[in-house]
Amino acid sequence: MSHTSDTHDQPLSSGIGRRRFLNSAAVLGAAGVGLVACKEDRTAGGGAASAAGGKAASGADAARGNVGGAGSVDIKPGQLDTHYGIWSSGHTGDVRVLGIPSGRELLRIPCFVPDALIGWGITNESKAVMGTNPDGSLKYHVGDTHHVHGSYKDGVYDGKYVWINDKINARLARIRLDYMVCDKITKLPNVQGFHGIFPDKRDPVDPKINYTTRVFCGQEFHVPLPNNGKNTNDPKQYHCLFTCVDSNSMKVKWQARIDGNCDLVATSYDGKLAATNQYNTENGVHYQEMMAAERDACLFFHIERIEAAVKAGKTTTLGDSKVPVVDCTVDANKDPKTALCVRVSVPKNPHGVNASPDGKYFICSGKLSPTCTVIELQKVLDWFDGKLASPDKAIVAEPEVGLGPLHTTFDGRGNAYTTLFLDSQICKWNIDKAIKKYAGDKTINPIVDKIDVMYQPGHISATHGETRAADGVWMAVGNKFSKDRFLPVGPMHPENDQLLDITGDKMILAHDNAVRPEPHDFILFKRDVLHTKQVYDINEFPLATKDPKDTGLKREGHKVTVRMTSQAPTYNPAEFNVKVGDELTIILTNIDKVEDLTHGFAIPEYNIQFLVNPGETKSVTFKIDKPGVFWYYCTNFCHALHLEMRGRMLVEG
């Protein structure tokens, strides 16, 4: 790997540059778990790695913000970005919406944890989505979002939904992209450590359905099944579940019991195959045991066969769950013509698995091996049909790309881009050349280019990278460390999302964007994919109050309901009376019809604050526990008389 003598490699007291020190420490740490060294030349043509560090454009191009064929990252005031980026936000439990190429954060969409800005977790509607205990309190207050993927039609994003997982509590959330709100959350039964997800790209059973109908979910932490406190010390009882969720109803359709752990998930463009790359095929329960085997696996599921088995009742159930479970363990699936799944071996402890835009290949990244494994999907189907002697015959390439390969994306021109965690680089390599070299032509070098990134990259995504419309314009990479890239802010460093121009032979670093830890996965797509609605359809809300004359208070014993409207700069009603001991429900409809005219609603001393957008209705329910005058007021600037937009809740003792 090459290093540049710029400000990002200043020496420490030992004389080792910061970047070299970081990489050296990572390599030493990995050596203890069986890291395999890269023997091949790690640069294109034996030369130096290109465009290191922060060196992007220069001269007049730099002054204009131009970096290459992708254009400028300098989006002027009043101009719009060309692409959207949808990011998982890690432990904040929400989703970020970015403009690309500017990197400007446009919105945060709450999902798994409460959000004080919009009142997510406070309103009755959001609590119903999030899930509550019998007393009405939230079941969960933490989340760990990891992977985000969009819905497809004809192999490209249709702009309808994105899904995101919560690793901690095994939840799957769906976000409507017309309003950019989370509308459903599903808890996966009997699952712990829910990591990878991917929607199907068309229906695997009905060829006439050319859009997403299912979302597949991989369990990372194997547990005894059922996990009821028995058999905790018997590894033979430990399994994971691969779960299929209906994309429309968000109900769990079926689960598959498997050996070993799931990591990431991928789906084929024809809908027939879903896959998860697996580590811990040893089925160990301790760290050392999970590192013993030299090869692990990519596990392929034949979806049509699984659903035929479910329909035929060849299933079991687990615990209190009624979800049908099929047997996808290795011993139960040795006959190709009846097998529901099959393993293809890949080097030890793989990480990402990604589908090439031409629909031909899945690529697994080696992590502890310097290789990527290219698996031809037609050959996997041939094995299921009894036409291939061994599933490993589906492997058509295993190029050495560098140290610590994690994730891969694509440019639609036959090139793959893989993050190298230990090298702090991205490797651009050609899939066809890698296949030809694996077939015997040792004169071919599949490596096209390498570039340094800052530092230790994880996920990577090019514009439309895992769709048939991959365009090879922009590529984002999420770096786990930033070290000296930004102003110091104490012990908690920001992380670093970087944007690269990939229109040419050489990758060009275009942009650094400091982000709050820990964002994870993301997708990038052209802005014309989305058609958002700027004002809610008031008819979508059964509790909506459409006219101020229909507002007012209704009492049934100690249960009180107040229907309200907001219309800048007034609330209707402007005041209402309740009593200590009442259970009060406020239903508020914003009847303004002008886009961007959002109102807030807050009541001091009662922990109530939420936003209502034009046409939207929200409600809250709480106990009245103290007498007095309590002003409710608008918290979101809406009008010249915004400060006067208020009313009185009068509480009798």
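Taking the Cα centroid of segment 460-511 and of segment 280-322, what is the distance between the two, rounded to the nearest whole Å?
So the separation of the two Cα centres works out to 34 Å.
So what are the three principal axis dimensions of segment 164-271 from its Cα atoms, in whole Å, longest to shortest?
Projected onto its principal axes, the Cα set of segment 164-271 covers 47, 30, 20 Å.
Can you work out D for segment 255-345 in µm² s⁻¹ from Stokes-Einstein, where Rh is the Kirkwood radius over C-alpha pairs, the temperature is 25 °C and the viscosity is 0.890 mPa s?
D = 175 µm²/s.
Restricting the calculation to Cα positions, tell me the Rg (one decimal) and the Dmax (whole number) of segment 394-541 in Å.
Expressed in Å, the Cα Rg and Dmax of segment 394-541 come to 18.1, 66.
Over segment 461-605, how many pairs of lysines fall under 30 Å by alpha carbon, counting only those 8 or more apart in sequence or from different chains?
Here the count comes out as 18.
Each residue of segment 638-653 in order: what ³J(HN,Hα) in whole Hz does its phi give by Karplus 6.51 cos²θ - 1.76 cosθ + 1.60, θ = phi - 60°, with x for Gly and Pro?
Working through the residues one at a time gives 9, 6, 4, 9, 3, 5, 8, 7, 7, x, 10, 9, 9, 10, 7, x Hz.
To the nearest 20 debye, what charge dipole does the chain have about its Cα centre, counting +1 at the Cβ of each Lys and Arg and -1 at the Cβ of each Asp and Glu?
580 debye
For segment 217-259 and segment 146-186, what is the separation of their Cα centres, given in Å?
21 Å
How much length would be gained if the chain were fully extended between Asp135 and Asp505, taking 0.36 nm per residue of separation minus their Cα-Cα distance, in nm to one decimal?
The Asp135-Asp505 span can extend by a further 127.2 nm.
Might you tell me the accessible area per residue for segment 352-463, computed with a 1.4 Å probe and given in Å²?
On a per-residue basis, segment 352-463 sits at 27 Å².
Using the Kirkwood radius over C-alpha pairs as Rh, can you work out the diffusion coefficient of the chain via Stokes-Einstein at 20 °C, viscosity 1.002 mPa s, in µm² per second?
Answer, rounded: 81 µm²/s.
Pick out, from Ala470, Thr243, Val95, the residue whose Cα sits farthest towards the positive end of the charge dipole of the chain, with +1 on the Cβ of Lys and Arg and -1 on the Cβ of Asp and Glu.
Thr243
Work out the charge dipole of the chain with +1 on the Cβ of Lys and Arg and -1 on the Cβ of Asp and Glu about the Cα centre, then indicate which of Gly386, Tyr417, Ala266 is farthest towards its positive end.
Gly386
Calculate, for segment 588-653, the solvent-accessible area per residue in square angstrom, rolling a 1.4 angstrom probe over the heavy atoms of the protein chains.
Ligands and nucleic acids excluded, the figure is 47 Å² per residue.
What FRET efficiency do you get for Ala574 and Asp596 if R0 is 30 Å and r is their Cβ-Cβ distance, rounded to the nearest 0.05?
Result of the calculation: an efficiency of 0.75.
How long is the gain from Asp385 to Phe637 if the chain were fully straight, where each residue apart is worth 0.36 nm and the alpha carbon distance is subtracted?
84.4 nm
Considering the options Leu584, Phe541, Thr565, tell which one lies farthest towards the positive end of the dipole of segment 525-594, charges being +1 on Lys and Arg and -1 on Asp and Glu at the Cβ, about the Cα centre.
So the residue we want is Phe541.
Given points 7 Å out from each Cα along the Cα-Cβ axis, report the Thr338 to Val629 separation in nanometres with one decimal.
8.1 nm
Tell me, rounded to the nearest percent, the portion of alpha carbon pairs in segment 567-653 spaced more than 22 Å apart.
It works out to 23 percent of all Cα pairs.
Evaluate E = 1/(1 + (r/R0)^6) for His493 and His558, where r is the Cβ-Cβ distance and R0 equals 51 Å; express this FRET efficiency to the nearest 0.05.
0.45
In whole percent, and with a 1.4 Å probe on the protein chains, what portion of the accessible area of segment 267-390 is carbon and sulfur?
The nonpolar share, carbon plus sulfur, comes to 50 percent.
So which chymotrypsin sites (Phe, Trp or Tyr not before Pro) in segment 384-493 are both in a DSSP loop and have at most 16 other Cβ atoms within 10 Å of their Cβ?
Passing sites in segment 384-493 are Phe486.
Please list the three semi-axes, largest first and in whole Å, of the ellipsoid equivalent to segment 453-539, using sqrt of 5 times the eigenvalues of its alpha carbon gyration tensor.
Those come to 27, 21, 10 Å.
The values are calculated or read from the model by the stated rules, or taken from the named source; none is laboratory data. Only a predicted model underlies this, so the values are computations on that prediction, with no experimental measurement involved. Here the Cβ is made from the backbone with ideal geometry for all residues, glycine too, and neighbour counts use every protein chain on show. Note: accessible area is taken over every heavy atom of the protein model, side chains too, but ligands, DNA and RNA are not part of it. Shrake-Rupley method; radii C 1.70, N 1.55, O 1.52, S 1.80 Å.
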